[in-house]
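The values are calculated or read from the model by the stated rules, or taken from the named source; none is laboratory data. What you are looking at is a predicted structure, and each value in this text was computed from that prediction instead of being measured. No Cβ is skipped: glycine too gets one built from the backbone with ideal geometry, and neighbour counts run over all protein chains shown.
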Amino acid sequence: MKMKELDLKLVSKEVERLCIESNYFIDEKILDKIKSAYKTEKSMIGKNILEQIIENDEIASNEMVPMCQDTGLVVVFLEVGTEVKINGDIYNAIQDGVRNGYEKGYLRKSMVEHPLNRINTKDNTPAIIHTKLIFSSDKVKIVIAPKGGGSENMSLVKMLKPADGIEGVKKLVVDTVLNAGGNPCPPIIVGVGIGGSFEKAALLAKEALLRDINDDSNNLIDRKLEEELLELINKTGVGPMGLGGINTALAVKVNSYPCHIASLPVAININCHSARHKEVIL
């Protein structure tokens, strides 16, 4: 296979576009889930909130404005084929795209240069970039996932004991959602990572949020757990925006990985109803 040379200017332009579009346009499948929640919601307050969320998302799309004032830190998932030739710094190209997207799209700049001095970088960089090599491919896939602070702050990584088992995992997830209350702006999407190591579990949970909202896990254990967790979470009564109701979560996505015999790492990453991610393949 002849190696394909990647145009880094195109990378920057596509990242710029994806940053803007992911903040303006809600995924239609997610919007459909919210509309379904509106139909089933029994709480009048919850129903009214869901109606406002639907109206908000439609206004954002029609008028090309952000669906939320928190336009997020930018998380990038980059898949690079081993048959792709890159002349230059692809990471700089991505950062340039983020910088331009947030400027041209009139998106809020939310990144600070150090966690303790809190000085704004004024261009929403740096983005957080995760990279994966894809054997014998000449394609580059870029996924842009802006992540708001309200939902990210409610996320958790915990090293359970193997003896805690599946019931321990369920309790941890449900307790995390209960403790979060209205802070992550429910109805939420819950990403759960189980296994690997401390940092792998967190990445699994983050990647789980990128899955199609209507898909089912290929792993039978994970699929059953997704169904059980969704039911348990929606029985908590947290409801839309934490004001009560039967629609606390739109979906639960579980990703798993082999782990050490002495460990049971579990990570919970929560997305608000403005679940934003867009992708391109170059």
Self-check item: Within the stretch 193-282, strands (runs of 3 or more DSSP E) holding 2 or more residues that are surrounded by fewer than 18 Cβ atoms within 10 Å (Cβ to Cβ)
Solution: 249-259, 278-281
Exercise. List every residue pair whose Cβ atoms sit under 7 Å apart, with the two residues 6 or more apart in sequence or on different chains, where the first one lies in the stretch 145-174 and is surrounded by 15 or more Cβ atoms within 10 Å (Cβ to Cβ) and the second, anywhere, is among the basic types (Lys, Arg).
Key: ALA145/ARG276; PRO146/ARG276; LEU172/LYS158
Quiz item: Is one or more of the residues making up the stretch 155-162 assigned to a helix (DSSP H, G or I) and over 13 Å from the mean Cα position of the chain (by Cα)?
Solution: yes
Practice problem: Assess whether ILE34 counts as being under 25 Å from CYS272 (Cα atoms) and within 20 Å of the chain's Cα centre (by Cα). | Solution: yes
Self-check item: One residue from ALA267, ALA249, ALA262 being in contact with a Pro (Cβ under 8 Å, 6 or more places away or on another chain) and farther than 21 Å from LYS33 by Cα
Solution: ALA262
Quiz prompt | Among (1) out of contact with any Asp or Glu (no Cβ under 9 Å at 6 or more places or on another chain); (2) farther than 24 Å from SER256 by Cβ, the one test that THR121 misses | solution = (1)
Practice problem: Restricting attention to the stretch 228-271, report how many residues are out of contact with any strand residue (DSSP E or B) (no Cβ under 8 Å at 6 or more places or on another chain) and within 20 Å of ASP212 (Cα to Cα). | Solution: 3
Quiz item: Do we have ILE142 as out of contact with any Asp or Glu (no Cβ under 7 Å at 6 or more places or on another chain), crowded, with 16+ Cβ neighbours inside 10 Å, within 30 Å of LYS2 (Cβ to Cβ) and at pLDDT 95 or above here?
Solution: no
Quiz item: Which pairs do you get when a residue that is modelled with pLDDT of 95 or more and polar (S, T, N, Q), found in the stretch 3-18, comes within reach of a residue that is in a helix (DSSP H, G or I) and crowded, with 18+ Cβ neighbours inside 10 Å, reach meaning Cβ atoms under 6 angstrom, with the pair 6+ apart or on two chains?
Solution: SER12/ALA93; SER12/ASP96; SER12/GLY97
Quiz item: Residues in the stretch 175-188: is at least one at positive phi and either surrounded by fewer than 19 Cβ atoms within 10 Å (Cβ to Cβ) or modelled with pLDDT of 95 or more (or both)?
Solution: yes
